[in-house]
């Protein structure tokens, strides 16, 4: 049976609200005050002590859990000194197994925090999005209201005296003992004991049930890879404590075209040699669905690997979406396929291109060799043995220019 002595002293029920407890306390305090009722001094002190416990949510929760064992000083950490010595001993220093540190104030138990990864595309981080995560969580059983059994069937576990912790001692030597604490196996750490036949059919006495939970996750513009979005109290619940927190950890997916560095974006554009020398116009598809027109005036020569920037076209700044970084475009130039130009074309091209430098000094003893183009390549490597060098070139391209090439639509 649940202990109700403190409630009886204040003449309220166990489910009384804070307002009812306060109201009855003031009424009884006036009735039994020593100035008005000199013979009721002890009664007045008991009323004050009862109110001190029941007016504090944490102390009231502890009293409801430990009952008369705490009041009599039978619970772990209980002391002596009056009818309320045990409960106050646990609250103000004696209950080391239940309370700790900082003046002996009670530490409210809280369930563990969990982290869940959520994959997000670069477009979603640029434009903002609403995502969802699904996971399993433990919640207090509504059938038994978290008691684990029928009304009145829950009693204090005797082996641990309601603390949920068993304390054993092991001798280490003459006059030396080691104290070992472990979770009580009889009650599973709950401090309560319920007979099998009285256990709740829904939670089977565990006081918690597992449910599938779907949580909406707002992804704001400009959020970053590994950024954490906390959801307070959305992890597992505890019957006698606070629910844990759930934290969503964003995982930015690689983009096929764009690469992000802080608030800047990088993209690679491939153009022909004619366009690099004579000017060009093309469109670039942006992350927000716009088409950006890129162009150079006739006569403006672009060198291979050159980078041009577009101010204010990068990623939005988190919580300041009106401020954006820059977009950088790196140009790669496609040279004509292997082959030979006609002599007339060579003469025309020579007239247009800058003058050749003077002939270098040749070593008369140098051995003359013929260059041939390896099948399937334009340069180093060949069909065999060149893979490592080619891979290194690709890695350099990724570091400089970002993602894969994006084609231009001529206009």
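A few notes on this one:
- Compactness of region 17-64 as Cα Rg over 2.2 N^0.38 Å, two decimals: 1.20
- Rounded FRET efficiency, nearest 0.05, which uses the C-beta distance separating residue 232 from residue 11 and R0 of 30 Å: 0.20
- Diffusion of region 175-289 by Stokes-Einstein, at 4 °C in a medium of 1.567 mPa s and with Rh set to the Kirkwood radius over alpha-carbon pairs, works out to 61 µm²/s.
- Sorted on the mean count of surrounding Cβ atoms within 10 Å across their residues, most packed first, peptides 126-133, 203-210, 257-264, 159-166 read 159-166, 203-210, 257-264, 126-133.
- Nearest-0.05 FRET efficiency for residue 254 and residue 317, computed from C-beta distance (R0 22 Å): 0.50
- Per-selection metrics, region 226-363 (Cα): Rg and Dmax in Å: 25.7, 92
- Computed FRET value (nearest 0.05) for residue 165 with residue 56, which takes r as the C-beta separation and R₀ as 30 Å: 0.85
- Stokes-Einstein D (µm²/s) once Rh is taken as the Kirkwood radius of region 224-299 over alpha-carbon pairs, at 4 °C in 1.567 mPa s: 77
- Sorted ascending by nearby beta carbons within 10 Å, beginning with the fewest, 59, 347 become 347, 59.
Each reported figure results from applying straightforward, stated rules to the coordinates on display, with no laboratory input. Just so it is clear, the model here is predicted, and its values are computed rather than measured. Every residue, glycine among them, receives a Cβ derived from its backbone with ideal geometry; neighbour counts consider all protein chains shown.
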